[in-house]
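To keep things clear, I will list the structure first and then write my remarks on it.
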Amino acid sequence: MITFDDVTLTHPDGAGRVTALDHVHLVVPDGAVTVLTGPSGSGKSSLLAVAAGLVRPDSGRVLLDDDDVARLAPSAAAALRRERVGVVFQQANLLPSLTVRDQLLVMGELGAVAGGRGQRRRELREHADALLAEVGLDGLGRRRPHQLSGGQRQRVAIARALVHAPSVLLVDEPTSALDSERAAEVVELLVRLTRERGTATLLVTHDLDRLNSVPGLERVVRMSDGRLDVPALR
Amino acid sequence: MFVAWRDLRAARGRFALLAAVVALVTLLVGSLTGLTAGLAAQNVSAVLGLDADAVVLARPAGSSGSTSGALTFADSSVSSAQQSAWASAAGVTGAWPLGVSQTRATRQSSSGTASTQSAAVAVLGTDPGLTATTPASPATVVLSTPAAEALKARTGETVELGGQRFTVAQVSGDGWYSHTPVVWTTFLDWQQLSRATGGSGEASALLVRGDLDGDQRAALDTRTGTTATTLLGSLGAIGAFRSEVGSLGLIIGLLLVVSALVVGAFFTVWTLQRTADVAVLKALGASTRSLVVDALGQGTAVLVGGVAAGTAGVVAIGLAAGTAVPFVLSPLTALAPSLLVVVLGLVGVLVALRAIVSANPLTALGSIR
Ligand SMILES: Nc1ncnc2c1ncn2[C@@H]1O[C@H](COP(=O)(O)OP(=O)(O)OP(=O)(O)O)[C@@H](O)[C@H]1O
Ligand SMILES: [Mg+2]
């Protein structure tokens with residue numbers, strides 16, 4: 001569960017400051033996808049960045065389960081991400097030199113200076129292959145990103161975000177590079193995995209219309225000018 | 001090293017190119033170092049092999065005191081008065097004359113059938129017993145191995161120096177002086193030789209043993225009108241030693257700078273090119289430490305690979321050069337330059353690390369690459 005409690009974030013803007021998040025209250029519950037939508041520049045990515053510990057808000061608390069991300073130093077926030085947070089980006093942002101399977105295995109190496117070995121490594125590989133099968137990429141583990149379609153790449157990114165079994169999944173515009181059909185498929189996959197794994201998923205998208213056909217997107221929060229339009233969603 | 005190894009494999013062409021450049025720089029630096037050491041040895045090995053705590057040089061008595069320029073063995077002349085002054089000074093256990101001159105030596109045909117053989121040599125005369133290669137008795141010489149080779153002379157044969165005949169008592173040592181092989185004589189024989197060839201017969205230098213610090217040396221210098229240095233410092237008084245080693249050293253230094261810049265530029269461009277990847281890894285939770293270790297490991301792997309290939313080339317050149325070219329192949333001349341290339345290359349990699357440390361994970365969010 002993610003709890004935003006009175007979160008305000010400003011960015012320096014010339015002489016003054018621009019308010020990206022304005023006293024935001026929001027709860028993202030486990031096992032469901034909470035959709036955050038709104039016009040460009042309304043603060044959607046900012047909210048996601050705050051939840052990921054990538055920026056510290058000016059004030060307020062951001063609780064991932066019981067830990068206040070807003071108080072963590074950058075290195076501690078990074079440690080929290082690699083242990084408990086999955087992130088999916090607008091573009092799949094896969095690493096070009098890694099095979100599909102390695103894109104998942106790299107999550108186990110992010111804090112490590114030396115590689116894992118033997119038994120553990122084999123287990124991780126089997127786990128990664130199982131997860132790839134689960135997102136519909138069975139048998140593509142040896143390919144490289146440039147050998148995949150856009151939709152397949154985004155599936156790899158989703159599998160990567162889930163490989164360390166995070167309790168929180170943060171997804172920023174996962175479908176903007178895909179056509180409507182592929183977009184619906186990817187979001188359907190996110191909804192299914194969120195339910196199966198019980199993650200607290202926050203999905204940012206600016207065009208909700210394309211996702212009308214996807215079931216399970218009941219929790220929708222609208223944002224404009226850094227404020228939530230439905231503050232009652234707590 | 002998870003991502004680093006896979007980067008190496010995925011971009012092996014680019015890394016192979018860099019490793020090749022590193023290998024070539026190592027090869028150049030290594031062979032120049034071997035050559036410099038070889039040339040230097042052919043210049044100074046005889047003087048360097050002497051056993052002295054100080055070497056005393058002096059301007060000849062007749063010359064004006066204002067003569068500028070550094071003293072050399074060739075134009076130095078130490079009088080017996082100066083020698084006694086040094087010998088009797090406090091802290092000095094002994095001061096012995098050293099004669100240095102260059103002349104032609106000719107091997108006399110022993111049987112009358114063999115032809116004669118002559119070569120330019122350096123004649124170094126000291127008191128018997130002062131060096132292991134000084135002959136014990138008058139009218140005999142000790143040939144250094146290169147001198148024996150140049151004259152095709154063996155022990156027991158006769159060699160002519162400045163019109164006088166000497167018996168070869170022994171062939172020993174690898175003495176060179178100013179690129180000519182060394183013939184060792186007693187100091188008395190050297191004096192005669194010097195006078196016979198128009199010299200003064202005064203010693204070229206004094207070899208001083210004793211417990212002297214720099215201040216004491218300087219005080220004695222002022223009192224006796226001499227210039228004393230350490231044995232190592234006296235090498236500068238040999239012909240072109242300073243300019244030779246200096247200009248080759250400058251080239252080696254420039255090459256090392258070039259290698260650091262090339263490696264630094266490569267890794268800077270490489271790292272900048274993958275800033276976006278680095279930002280993604282950070283956004284996923286990668287610790288900056290693991291990313292830095294990754295990049296350092298990658299740089300080290302490329303550098304060590306290239307340098308190992310280059311060093312192998314230096315060893316091959318050294319072995320092929322044999323005695324045809326003055327080339328010293330030793331652990332020091334082969335490995336020290338290689339190590340320096342690795343270290344300077346890593347300095348270049350360190351510069352590129354800044355881009356990794358400063359990569360902002362926020363840029364991975366909502367960005368189209
Ligand atoms: N690093 C920054 N420096 C200054 N201002 C920023 C920075 N990041 C975001 N902003 C500003 O904060 C506000 C919110 O930006 P944010 O990226 O959260 O919007 P968004 O809803 O994600 O928009 P989009 O749909 O275009 O991605 C905008 O006015 C933006 O200009
Ligand atoms: Mg955005």
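On the given criteria, is B:Arg154 touching a strand residue (DSSP E or B) at 6+ places or on another chain (Cβ under 9 Å), modelled with pLDDT of 90 or more and either farther than 24 Å from B:Pro326 by Cα or not in a strand (DSSP E or B) (or both)? Criteria met by B:Arg154. Taking the numbered list (1) within 16 Å of ligand 2 (Cβ to nearest atom); (2) open to solvent by 40 Å² or more (accessible area, probe 1.4 Å); (3) touching an Asp or Glu at 6+ places or on another chain (Cβ under 9 Å) in turn, A:His23 passes all entries but (1). Within the range B:344-357, one or more residues are charged (D, E, K, R) and open to solvent by 50 Å² or more (accessible area, probe 1.4 Å).
When restricted to residues that are open to solvent by 40 Å² or more (accessible area, probe 1.4 Å) and within 16 Å of ligand 2 (Cβ to nearest atom), the range A:186-206 contains 1.
Quick one: would you say A:Val171 is of a type in the set (A, V, I, L, M, F, W, C), on the phi < 0 side of the Ramachandran plot and over 12 Å from the mean Cα position of the chain (by Cα)? In short, no.
Restricted to the range B:182-268, the set of helices (runs of 4 or more DSSP H) holding at least 2 residues that are touching a Gly at 6+ places or on another chain (Cβ under 7 Å) and in contact (Cβ under 8 Å) with a residue 60 or more places away in the chain comprises B:187-196.
With respect to the stated conditions, A:Ser213 fails to be surrounded by fewer than 22 Cβ atoms within 10 Å (Cβ to Cβ), within 15 Å of ligand 1 (Cβ to nearest atom) and assigned to a loop (DSSP other than H, G, I, E, B).
So for the range B:256-270 (the condition being over 35 Å from the mean Cα position of the chain (by Cα), within 14 Å of another protein chain (Cβ to nearest Cβ) and of a type outside the set (Gly, Ala, Ser)), does at least one residue qualify? Yes.
Would you pick out the residues in the range A:55-95 that are within 16 Å of ligand 1 (Cβ to nearest atom), at pLDDT below 95, open to solvent by less than 20 Å² (accessible area, probe 1.4 Å) and more than 8 Å from chain B (Cβ to nearest Cβ)? Within the range A:55-95, A:Val88 is the sole residue that qualifies.
Whether a residue is within 30 Å of B:Asp213 (Cβ to Cβ), more than 14 Å from every other protein chain (Cβ to nearest Cβ) and assigned to a strand (DSSP E or B) was assessed, and B:Val44 does not pass this test. Every condition in (1) assigned by TED's automatic domain parsing to the domain that holds A:Val187; (2) away from ligand 2 (no atom under 16 Å from the Cβ); (3) open to solvent by 50 Å² or more (accessible area, probe 1.4 Å) holds for A:Arg121 except the one numbered (1). B:Val347 meets each of the listed conditions (1) within 14 Å of chain A (Cβ to nearest Cβ); (2) within 43 Å of the chain's Cα centre (by Cα) apart from (1). Residue check: is A:Gly111 in contact with a Ser or Thr (Cβ under 6 Å, 6 or more places away or on another chain) and away from ligand 2 (no atom under 16 Å from the Cβ)? So A:Gly111 passes the test. Here B:Arg107 fits the description: in the same structural domain as B:Gly210 (by TED's automatic domain parsing) and either over 23 Å from the mean Cα position of the chain (by Cα) or touching a residue at least 24 places away in the same chain (Cβ under 8 Å) (or both).
The values are calculated or read from the model by the stated rules, or taken from the named source; none is laboratory data. Everything quoted here is computed from the prediction, not taken from an experiment. Please note: Cβ atoms are built from the backbone with ideal geometry, for glycine as well, and neighbour counts cover all protein chains shown. Heavy atoms of the whole protein, side chains included, go into the accessibility calculation; ligands, DNA and RNA do not. Shrake-Rupley method; radii C 1.70, N 1.55, O 1.52, S 1.80 Å.
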